[in-house]
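The values are calculated or read from the model by the stated rules, or taken from the named source; none is laboratory data. Every value quoted in this text rests on a predicted model; they were computed, and no experiment measured them. Backbone-built Cβ (ideal geometry, glycine too); neighbour counts: all protein chains shown.
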Amino acid sequence: MAELFDKHGGFRRLHSFTLATIVQLETLRFCRRFLTHDHREAGAKFYDPKGRQYDQMTQAARSGRQNIIEGSERSSTSKDTEMKLTDVGRASLSELRGDYEIFILDRGELPWSCHAPEARAVNAISLDDPPFTDDMVHESAKHALAQRRKYARWLDAEDPVVVANAMLIIIGRALNMLKSQIAAQGEAFEKTGGFSERLTTRRLEAREEQRAAEPAPECPKCGKPMRRRKSAKGEFWGCAGFPECKGTRPV
């Protein structure tokens, strides 16, 4: 009999979650370093008089990470909700990528070509598998910071365009991972169904077991055992030899 509840959680082992954590942390840092609420401030790098850009970027980064968490936690009872929340996280990160792109364009520069040496170097970085044991929150944070150090050359740069370009690539990698996750979630749903489908199956199986244990009367016409059947008028006993024998009894 299939398990009624799927396994849930496990998001801390996902590379997409590690990247989403880096993206949220670095977006907070980027906004503090390079966005300002007051254009009169000395050394202002980006005109954001009401703080809307700051707020939208940090909220999009937060949404990306938090929806991965929520989707993973909801997976035990709803694959559909898991897919939808994962997709919301992906959409939020895609929105954030657009903000970094505009930041670069607003400064009169272009995003790095995927063939540029710097872009190739960022893309070539591989993430380590998380070495978790029993202290998930602590070890997950430690792991994310360790992976972040691999990008420090670009994320710690003084030039905000360099930082923004690195963030474009990191976010792009996270988006590709989430796309693959959603596809895998869809395949799992097609194969085993979700909680609602398995609950219906479990109920039908229990009903059949109950019926099988119930003593069946003999057919009044041929003497064969009878089976419970259902019609528009309700349940009745029907001959196991149907359609050759059409004997019936009321339940």
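Brief remarks on what is shown
- Close Cβ contacts (under 8 Å, 6 or more residues apart or on different chains) running from residues in the range 120-145 that are within 13 Å of Thr21 (Cβ to Cβ) to residues that are among the polar types (S, T, N, Q) and loosely packed, with under 14 Cβ neighbours inside 10 Å comprise Glu139/Thr133.
- Checklist (1) at pLDDT below 90; (2) not in a helix (DSSP H, G or I) applied to Lys191, failing item: (2)
- Only one of the numbered conditions (1) of a type in the set (A, V, I, L, M); (2) more than 21 Å from the chain's Cα centre (by Cα); (3) crowded, with 16+ Cβ neighbours inside 10 Å is violated by Ala61, and that is (2).
- Among the residues of the range 241-251, those that are in a loop (DSSP other than H, G, I, E, B) and surrounded by 15 or more Cβ atoms within 10 Å (Cβ to Cβ) comprise Gly241, Phe242, Cys245, Gly247.
- Sole residue being in a helix (DSSP H, G or I) and touching a Leu at 6+ places or on another chain (Cβ under 7 Å), chosen from Leu168, Leu175: Leu175
- A single entry from Asp99, Asp128 fulfils the requirement of being surrounded by 14 or more Cβ atoms within 10 Å (Cβ to Cβ) and within 19 Å of Leu175 (Cα to Cα): Asp99.
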